[in-house]
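To keep things clear, I will list the structure first and then write my remarks on it.
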Amino acid sequence: MVVMYRNSTIPTGAMTPMWTSWGRLLSIETPQHPFRKKPFLSTNGTILATGNLKSYGDSCLLSNGTAFSMLFQDNILAWNPQSGRLKVEAGVLLDHILQNFVPEGWFLPVTPGTKYVSVGGAVANDIHGKNHHRVGTFGHFITSLKLLRSNGEAIVCSPSANSNLFQATIGGLGLTGIIDWVEIQLIPIKSSLMDVEWLRFEGIPEFLELNTASSHYDYTVSWLDCTSSKKGKASAKGIYIRGRHHPDPSCLSIHKKPYLKIPFNFPDLTLNKYTIGMFNKLYYHHFPKHKKGTQHYDPFFYPLDQLIDWNLIYGKRGLYQFQCVIPFKHSLSTFQTMLDIIAASGQASFLSVLKSFGSIPSIGLLSFPEEGLTLCLDFANQGIKTLTLLKQLDELVLAARGRRYPAKDATMTRNQFKQFYPNWNTFLAYKDPKISSDFWERVSPQ
Amino acid sequence: MTNLDPDLIQTIVVLGATSAIAKAFIRQCCNAQTKFVLVGRDEEALDAIKSDLIIRKARSIETIVADLADCFRAKETVQAVMARCSRVDLLFISYGILGDNAEALKDNVLTQEIITSNFTSVACLLSEFTPIFEKQKTGSIAVITSVAGDRGRQSNYIYGSAKGGLALFLQGLRHYLSKYGVHVLTIKPGFVDTPMTSAFKKGLLWASPEKIARGIRHALLKKKSSVYLPGFWKWIMIIIKLVPESIFHKTKL
Ligand SMILES: Cc1cc2nc3c(=O)[nH]c(=O)nc-3n(C[C@H](O)[C@H](O)[C@H](O)COP(=O)(O)OP(=O)(O)OC[C@H]3O[C@@H](n4cnc5c(N)ncnc54)[C@H](O)[C@@H]3O)c2cc1C
Ligand SMILES: NC(=O)c1ccc[n+]([C@@H]2O[C@H](COP(=O)([O-])OP(=O)(O)OC[C@H]3O[C@@H](n4cnc5c(N)ncnc54)[C@H](OP(=O)(O)O)[C@@H]3O)[C@@H](O)[C@H]2O)c1
């Protein structure tokens, strides 16, 4: 069931061992090791646990050291069908949880835009979903977890026991130890269908109006056509999507397997501002001004999962993701400037997503979500041109006192990290001295 | 397996239950009528698999910790298994090690380890189980060998010869047990994405353990003698076996 996706991130080609993250910017030439406790404890040098490698940047990569893949740790350890408490090994994929528990009427409390992430990865990035404004992050639903430290200690942490280590581990980028198992609270559903509404909007102010009017919907998100923005005007078009689990009992069917696979790298520049502009226009006009309907949870939460290896569309040089959150009071002006800068750069983001984060504080010391508007963009890697653009965007984030998401980052500097994550100093005390990642080597305050 | 009928209670004994292929197979076989006796060397990993099977509502799960490569303990292991079940409907053997051919050439302890783990110990365990199946006059034995056992290749002929020897052993056992109505299946997987092969770069020829497990269930149901998994390996191996040595020696396979 799950394993075929496991290696789907590995580009085909030469026969040397190679693995990479979802952004495919950098390949690692030494193989990953299946996680086992003994080799983990006896390994010399730096180590890192990896999940399903769905992070875009380098937080799941380790160029110099030993990476342990957690994916074969995929047993379900305990399940209470009365309370919905589920204890799983960290390598279990969200896909696996849905397959086994949707038929029993339970759903993930928080889910990202792909179901092919591991529970360990979900903890390490304290992932958020379309319901952040209502419930917070994945971390809010973790009742306990077990951490294996490189000194041989095994520590169970929860909001009440070893709570400092718990807070450091949630969103802790895998740096506090290897997450062995996690206990989470699932949420009850009566149907696998979603009641959904799609509403067209023009300009970020109109988005904000819709957003305020939709705050009682459990799930909200917006798709944005960043090519439609006109300079100086907050005019970008988009589709506002809001939904909730269908409240009446009906079928509890699980998702189907993906049926399409991108077989090879598309030529560089397949995605350019013209093709992206065209695609976005078509998509926008596909929707009437206001549409209502029901949809299975799979296309609602995971539209991209239908297409295996869709990251190959960006060409062999890979892609940069950019996700930031900006406090509400600066978000409108900042995003408008960002869209102007992107247009001026001649580059374009194929999939742009806009969403508001609510006021529930994140648990993790390094958790990304905080109250404000979050914007997610992607750019095919065009070398220095793209890096220059990202640098400009980063400066805007800093000026607006926002932050970037490490799961989608490959360029953050040490200085930026300190400013984005003011808790870094407290975090250092809980970091496992033997664990590191390429991301951490780049940003760690020294 | 005499029957995959979900209404019949059946006992599945797995030697090497912590293997990725075994885990996938066990999950697929699991229902309220299956009793499992799982043998492996890693107690914690066995316990985790047991928890998983409890949630999947298996009828019962027993675990035994044993070093299966220890030929002198084969009798003891089989006795421990038989103390936990009255009958074996399916004996599934999945343990094995790949080993490093180049390293083994430098140190024959490794050569011995590869041959013992993949052949000698399996042969000993099977010999201990044979009289049990003779008496039962029913049941199936399914053992994982490998396509690597079909032709000796410079890169892994130590492992290959052990698996090839095992395939020959199973062929004989199948002949011997046929008169007792016992089914013996030889499973020859190609490339499977498991911990054993984590150092290899994956490509188009690779299959998931789940896919291999489905193939094993199907072959058991059809009472096949021997099966390549996925099926296309049958054709690949026909060609590989046909290549004359003069040409074969020019390859790096
Ligand atoms: C299409 C797509 C949509 C996405 N949508 C969202 C979204 O909506 N919201 C969101 O928050 N994120 C989103 N993401 C990002 C993704 O959810 C995170 O990057 C997630 O952490 C990936 O999990 P993984 O299992 O692939 O882990 P990896 O990417 O392999 O690793 C991520 C981190 O987890 C650590 N880790 C993994 N397992 C363990 C363990 N057992 N012990 C210790 N550390 C461990 C790694 O060291 C690394 O730091 C999306 C990604 C994609 C590709
Ligand atoms: N993967 C492939 O491409 C491939 C191809 C053809 C054939 N095969 C065969 O398929 C079978 C299953 O392997 P796999 O691919 O699933 O890899 P795997 O997950 O590494 O499984 C091998 C298993 O054998 C166990 N084992 C080894 N020596 C043992 C011993 N002395 N005592 C007890 N258990 C022992 C290991 O136990 P631990 O978990 O404790 O280490 C491990 O669980 C093997 O026979 C292998 O040779 C695999």
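The values are calculated or read from the model by the stated rules, or taken from the named source; none is laboratory data. Keep in mind the model is a prediction, meaning the values are calculated, not measured. Cβ coordinates were reconstructed from backbone atoms using ideal geometry, including for glycine residues, and neighbour counts include every protein chain displayed. Please note that ligands, DNA and RNA were not included when accessible areas were found on the heavy atoms of the full protein model with its side chains. Shrake-Rupley method; radii C 1.70, N 1.55, O 1.52, S 1.80 Å.
Please pick out the residue among A:Ser59, A:Ser144 that is within 15 Å of A:Thr169 (Cα to Cα), within 13 Å of the chain's Cα centre (by Cα) and crowded, with 18+ Cβ neighbours inside 10 Å. Write out each step before concluding.
Working: A:Ser144 fails: within 13 Å of the chain's Cα centre (by Cα).
Among A:Ser59, A:Ser144, only A:Ser59 is within 15 Å of A:Thr169 (Cα to Cα), within 13 Å of the chain's Cα centre (by Cα) and crowded, with 18+ Cβ neighbours inside 10 Å.
Collect the residues in region A:72-92 that are open to solvent by less than 10 Å² (accessible area, probe 1.4 Å) and either assigned to a strand (DSSP E or B) or within 11 Å of ligand 1 (Cβ to nearest atom) (or both), keeping them in residue-number order. It would help to see each step written out before you state the result.
Taking region A:72-92 and keeping what is open to solvent by less than 10 Å² (accessible area, probe 1.4 Å), we get A:75-76, A:84, A:86, A:88, A:90-92.
Correct list: A:Ile76, A:Leu86, A:Val88, A:Ala90, A:Gly91, A:Val92.
Report the residue count in region A:213-228 for those that are closer than 16 Å to A:Asn272 by Cα, part of a strand (DSSP E or B) and in contact with a Leu (Cβ under 7 Å, 6 or more places away or on another chain). Steps first, please.
Of all residues in region A:213-228, those closer than 16 Å to A:Asn272 by Cα come to A:225-228.
Retained after the next criterion (residues that are part of a strand (DSSP E or B)): A:225.
Filter once more, keeping what is in contact with a Leu (Cβ under 7 Å, 6 or more places away or on another chain): none.
Number satisfying all stated conditions: 0.
Checking the structure you have, find out if any residue of region B:184-192 is closer than 30 Å to A:Ala67 by Cα, within 14 Å of chain A (Cβ to nearest Cβ) and either among the polar types (S, T, N, Q) or open to solvent by 40 Å² or more (accessible area, probe 1.4 Å) (or both).
yes
Might you check whether a residue that is closer than 24 Å to B:Gly99 by Cβ and more than 14 Å from chain A (Cβ to nearest Cβ) occurs anywhere in region B:197-216?
yes
State all residues of region B:80-94 that are more than 10 Å from ligand 2 (Cβ to nearest atom) and either open to solvent by 10 Å² or more (accessible area, probe 1.4 Å) or assigned to a helix (DSSP H, G or I) (or both); if no residue qualifies, say none. Even if it seems obvious, please write down each step before you answer.
At the first step, the residues of region B:80-94 found to be more than 10 Å from ligand 2 (Cβ to nearest atom) are B:80-92.
Within region B:80-94, B:Ala80, B:Val81, B:Met82, B:Ala83, B:Arg84, B:Cys85, B:Ser86, B:Arg87 meet the criteria.
How many residues, within region A:30-61, are more than 8 Å from ligand 1 (Cβ to nearest atom) and in contact with a strand residue (DSSP E or B) (Cβ under 9 Å, 6 or more places away or on another chain)? Outline the logic, then answer.
Here is the first cut: in region A:30-61, the ones more than 8 Å from ligand 1 (Cβ to nearest atom) are A:30-34, A:36-47, A:57-58, A:61.
Those left that are additionally in contact with a strand residue (DSSP E or B) (Cβ under 9 Å, 6 or more places away or on another chain): A:30-34, A:36-37, A:39-41, A:43-47, A:57, A:61.
Result for region A:30-61: 17.
May I ask you to list the residues in region A:329-361 that are within 21 Å of the chain's Cα centre (by Cα) and either open to solvent by 30 Å² or more (accessible area, probe 1.4 Å) or free of Cβ contacts under 8 Å to residues at least 12 places away in the same chain (or both)?
A:Phe350, A:Leu351, A:Val353, A:Ser359, A:Ile360, A:Pro361
What pairs come out if I take residues in region A:38-66 that are closer than 19 Å to A:Asn311 by Cα and away from chain B (no Cβ under 14 Å) and pair them with residues that are within 16 Å of ligand 2 (Cβ to nearest atom) and in a loop (DSSP other than H, G, I, E, B) whose C-beta lies under 9 Å away, six or more apart or interchain?
Hits for this filter: A:Gly51/A:Met70; A:Gly51/A:Leu71; A:Gly51/A:Gly91.
Which ones in region B:18-60 are β-branched (Val, Ile, Thr), buried (at least 23 other Cβ atoms within 10 Å of the Cβ) and away from ligand 2 (no atom under 11 Å from the Cβ)?
B:Ile26, B:Thr34, B:Val37
Among the numbered conditions (1) hydrophobic (A, V, I, L, M, F, W, C); (2) open to solvent by 30 Å² or more (accessible area, probe 1.4 Å); (3) outside any loop (DSSP other than H, G, I, E, B), tell me where B:Ile97 comes up short.
(3)
When you check A:Leu186 against the structure, is it within 14 Å of chain B (Cβ to nearest Cβ), in contact with a Pro (Cβ under 8 Å, 6 or more places away or on another chain) and more than 16 Å from ligand 2 (Cβ to nearest atom), yes or no? Walk me through how you get there before you give the answer.
Numbers: within 14 Å of chain B (Cβ to nearest Cβ): yes; in contact with a Pro (Cβ under 8 Å, 6 or more places away or on another chain): yes; more than 16 Å from ligand 2 (Cβ to nearest atom): yes.
For A:Leu186, the condition - within 14 Å of chain B (Cβ to nearest Cβ), in contact with a Pro (Cβ under 8 Å, 6 or more places away or on another chain) and more than 16 Å from ligand 2 (Cβ to nearest atom) - is met.
Of these, B:Leu46, B:Leu38, B:Leu98, B:Leu90, which one is away from chain A (no Cβ under 14 Å) and not basic (Lys, Arg)?
Numbers: B:Leu46 fails: away from chain A (no Cβ under 14 Å); B:Leu38 fails: away from chain A (no Cβ under 14 Å); B:Leu98 fails: away from chain A (no Cβ under 14 Å).
Of B:Leu46, B:Leu38, B:Leu98, B:Leu90, the one residue that is away from chain A (no Cβ under 14 Å) and not basic (Lys, Arg) is B:Leu90.
Looking at region B:206-249, which of its residues are in a loop (DSSP other than H, G, I, E, B) and under 30 Å from A:Asp74 (Cβ atoms)?
Selection gives B:Trp206, B:Ser208, B:Lys222, B:Lys224, B:Pro230, B:Gly231, B:Phe232.
Can you spot a residue in region A:197-207 that is under 22 Å from the mean Cα position of the chain (by Cα) and more than 26 Å from A:Thr337 (Cβ to Cβ)? Write out each step before concluding.
Taking region A:197-207 first, the residues under 22 Å from the mean Cα position of the chain (by Cα) are none.
Looking for residues that are under 22 Å from the mean Cα position of the chain (by Cα) and more than 26 Å from A:Thr337 (Cβ to Cβ), one finds none in region A:197-207, hence no.
Look through A:Phe335, A:Phe264 and report the one residue that is under 30 Å from A:Lys385 (Cβ atoms), of a type in the set (Phe, Trp, Tyr) and in a loop (DSSP other than H, G, I, E, B).
Working: A:Phe335 fails: in a loop (DSSP other than H, G, I, E, B).
The match here is A:Phe264.
Filter region A:221-262 down to the residues that are buried (at least 19 other Cβ atoms within 10 Å of the Cβ), within 26 Å of A:Leu312 (Cβ to Cβ) and modelled with pLDDT under 90 and list them by number.
A:Cys226, A:Thr227, A:Pro258
Residue by residue, here is whether (1) more than 13 Å from ligand 1 (Cβ to nearest atom); (2) at pLDDT 95 or above; (3) in a helix (DSSP H, G or I) holds:
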{"position": "A:Val353", "(1), (2), (3)": "no, yes, no"}
{"position": "A:Ser362", "(1), (2), (3)": "no, yes, no"}
{"position": "A:Phe368", "(1), (2), (3)": "no, yes, no"}
{"position": "A:Asp394", "(1), (2), (3)": "yes, yes, yes"}
{"position": "A:Leu398", "(1), (2), (3)": "yes, yes, yes"}
{"position": "A:Ala410", "(1), (2), (3)": "no, yes, no"}
{"position": "A:Pro422", "(1), (2), (3)": "yes, yes, no"}
